[in-house]
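All of the numbers you see were taken from the coordinates with simple rules; none came from a lab. This is a predicted model, so every value here is computed, not measured. Neighbour counts run over all protein chains shown; Cβ positions are idealised from the backbone, glycine included.
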Amino acid sequence: MSNVFTPDQWDSLLSELVRVTKPGGYIEIADRRYVYAGEGPIFRKLSSATFASYLKRNIDLKLMNNLDSNFELQQNIGRVHRIEKDLIMGPNGGKIGLVFQDIAMLFFNSETVCEFVSKEMGISEEEYKDMVEKLVEEFKRTSVKCVHVRFWAQKQLLEEQS
């Protein structure tokens, strides 16, 4: 969901997550950094156009890199934990790589993404769909590396809040 919320919306979202979590409960947020390595030309074009469309809507994809600092600003939150793991998207990344490939394909095949990204690229929706269709084959020949980031923190118990 990091590619949906503006920075101000993230602040409100984190505040609301803390508010509705009972004392002693945990909040966890996981996503990936939107920087890739080892991608092929099709994935590079699609992701570059996608990122450009996000910027036009004030979506800060770098926010995920430092979400823990935003998290720490929330009242009643204990220590924020962070784990990062490198993943390979596609069949060269094993089972988890295939899951990430499926997620990417669902994303790129959605009507909304097709509409916005094809416009961003200056191509027809049919040309866009042809490009996306070739992406599965490209994933077989490449090892697109991304970093999965996971944050979690515990809401302080009532006696710890004072």
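Here are the numbers for the structure shown:
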| item | result |
| --- | --- |
| Under 21 Å from Lys134, Cα to Cα: lysines that are on another chain or at least 8 residues apart | Lys45, Lys95, Lys119, Lys145 |
| Kirkwood Rh, angstrom, the chain [1 / mean 1/r, Cα pairs] | 17.3 |
| Spatial separation of Cα centroids for the range 41-83 and the range 114-157, in angstrom | 15 |
| Cα-based helix-to-principal-axis angle, 7-20 vs the chain, degrees rounded to 10 | 50 |
| Cα→Cβ-extended label distance, 7 Å offset, between Glu126 and Tyr26, nm | 5.1 |
| Residue-averaged [θ]222 nm for the chain, counting only DSSP H segments that reach four residues, each worth -39500 (n - 2.57) | -16000 deg cm²/dmol |
